[in-house]
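What follows draws every value from the coordinates through simple rules; no lab data is involved. Since the structure is predicted, the reported quantities are computational estimates derived from the model, not experimental observations. For neighbour counting, all protein chains shown are included, and Cβ atoms are generated from backbone atoms with ideal geometry for every residue, glycine included.
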Amino acid sequence: CPYPPSLLHIEELCDSIVRSHRDTSQFRLEELQALRWKLFSREEIHDYQSKSVDEMWQHCAMRLTEAVQYVVEFAKRIPGFRGLGQNDQITLLKTGSMEVVLVRMSRCFNTENSTVFFDGKFASTELFKSLGCGDLMVAVFDFAHSMCALRLTEQQMALFSSLVLINTDRPCLEDRGRVHRMRRNLEVCLSHMLRRDNQESLQHKLYQKVSVLQSLCSLHVEKLHWFSQRYPLTVNSVFPPLYKELFT
Ligand SMILES: CNC(=O)[C@@H]1CCCN1C(=O)c1ccc(Cl)c(COc2cccc3c(C(F)(F)F)cc(C)nc23)c1Cl
């Protein structure tokens, strides 16, 4: 074949990850674009702000759990992921899925009015006031803003998302070597694609984003712990089981 097998393999790996991202991205860019200026009315915002803390948390936890399920589907389609042991798959998802949800959130963010797609319309941070975690919302919105500034293509977002998930440094991985070999192929894919896009400068910016993501998600676990202390019944009874399995 004209290419050395490794390059052909890398191109195929890139294509399969981009396809998986597209097939599991929950919201298509075109639909988000069409809804871009559909904002909540003052009354609707007031209704959300009048919800109790645990009601709003339940509502968001359901949304986040839906999003996590799409990310699980994306992970399962990353070549090699299903070849990992069950425990390592859960370990990578337990820590990486909310990070990918956050990366994907930037696709649904409108930087012109700092609103994000939520419940079918675009909402600003004020709508989430009753959650009682303004600092987390500000951090989530700021991160979405900073991701938008990188103006990633869907292909770059797909590969970045796979690298966020296939992270060799996750604690208590059983077969770290296998995860490392998967990760190395994905790193070659990303740098191959950035070279092709003539955007090598993006590489280090993306790796810097990984540490921001990890601090944001440790804030996630902290907030979730804060919430479950105050509303134990809600977390134990209502939170979708997947959310509990992954985040408590
Ligand atoms: C485009 N929309 C989306 O991307 C998200 C995921 C898919 C559905 N969805 C939303 O509806 C959504 C969009 C924006 C925001 Cl700000 C929210 C509310 O987000 C959260 C409320 C409570 C806790 C959140 C926590 C924590 F860690 F604290 F659990 C962590 C994250 C990250 N988001 C939280 C949500 Cl739930």
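Things to note:
- Rounded to the nearest 20, the size of the Cβ-charge dipole of the range 144-197 about its Cα centre is 160 debye, with Lys and Arg at +1 and Asp and Glu at -1.
- Near the amide H of residue 173, within less than 5 Å, lie no amide hydrogens of residues on another chain or at least 5 residues away, with H placed in the peptide plane.
- The range 171-204-the range 70-125 distance, computed between alpha-carbon centres (Å): 18
- Choice from 16, 106, 161 with maximal GNM fluctuation in the chain (Cα, 10 Å cutoff): 16
- Expected 222 nm ellipticity per residue - DSSP helices of 4 or more, -39500 (n - 2.57), all of the chain, to 500: -22000 deg cm²/dmol
- Longest DSSP-loop-exposure-free segment, GluC sites (Glu not before Pro), the chain, at most 13 other Cβ within 10 Å: 1-111
- Potential lengthening between residue 215 and residue 60 on full extension [0.36 nm per residue; Cα-Cα distance subtracted]: 53.8 nm
- Going from the residue with the fewest nearby Cβ atoms within 10 Å to the one with the most, 25, 50 rank 50, 25.
- For residue 39 and residue 229, the FRET efficiency from 1/(1 + (r/R0)^6), where r spans their Cβ atoms and R0 equals 45 Å, is about 0.85.
- Anisotropy class assigned to the range 1-130 is oblate, per the alpha carbon gyration tensor with a/c at or over the 1.5 cut-off and a/b no larger than b/c.
- Packing-based exposure ordering (other Cβ within 10 Å, fewest first) of 172, 133, 60: 172, 60, 133
- Dipole magnitude of the range 1-81, debye to nearest 20 (Cβ charges: Lys/Arg +1, Asp/Glu -1, about Cα centre): 100
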